[in-house]
1. Which condition number does residue 41 fail, the rest of (1) of a type outside the set (Gly, Ala, Ser); (2) modelled with pLDDT under 95; (3) touching a Lys or Arg at 6+ places or on another chain (Cβ under 9 Å) being met?
2. Pull out all pairs, ordered by first then second residue, where Cβ-Cβ is under 7 Å, the residues are six or more apart or on different chains, the first lies in the range 63-78 and is within 14 Å of residue 53 (Cβ to Cβ) and modelled with pLDDT of 95 or more, and the second is surrounded by 11 or more Cβ atoms within 10 Å (Cβ to Cβ) and not hydrophobic (A, V, I, L, M, F, W, C).
3. Of all residues being touching a His at 6+ places or on another chain (Cβ under 9 Å) and among the hydrophobic types (A, V, I, L, M, F, W, C) in the range 24-73, which is surrounded by the most Cβ atoms within 10 Å (Cβ to Cβ)? Just the residue, please.
4. For the range 32-55, give me each residue that is over 12 Å from residue 83 (Cβ atoms) and of a type in the set (Gly, Ala, Ser).
Amino acid sequence: MSSDKPVKAGQGPLAGCVRLAVERYFLDLNGQCPGTSLYETVIAEVEAPLIETVMRHVGHNQCQAAKILGINRNTLRKKLLSYGLAERPEPPSTIQGSESL
């Protein structure tokens, strides 16, 4: 994101999305207790799609993804395995309607 002003922590567009999602979560609970691991739940819900999207953006290059994410490549590898994202998806077929006979 390029801007003349630096964005303060908790004030950017992602923070707004998280804030709205957590507010919605509490509304959906309808007054019930959310349990004891809300922090871990939110981190897991955000981290997996973040990593998946960055990996797709860099063509599944783990070195580039780790650099963008600001984490060590070994840490990235561990997270890819833990979220079941370690497998590189196969590219879509370019031939339509062809089947093996």
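1. Every listed condition holds for residue 41 apart from (3).
2. Cβ pairs passing all conditions: 76/62.
3. First, pick out the residues of the range 24-73 that are touching a His at 6+ places or on another chain (Cβ under 9 Å): 64-65, 68.
Those left that are additionally among the hydrophobic types (A, V, I, L, M, F, W, C): 65, 68.
On the way: 65: 22, 68: 14.
Among those that are touching a His at 6+ places or on another chain (Cβ under 9 Å) and among the hydrophobic types (A, V, I, L, M, F, W, C), it is 65.
4. The answer is 35, 37.
The values are calculated or read from the model by the stated rules, or taken from the named source; none is laboratory data. This one's a predicted model, so the numbers in the text were calculated from it and none came from an experiment. All Cβ positions, even for glycine, are placed from backbone atoms using ideal geometry, and neighbour counts span all protein chains on display.
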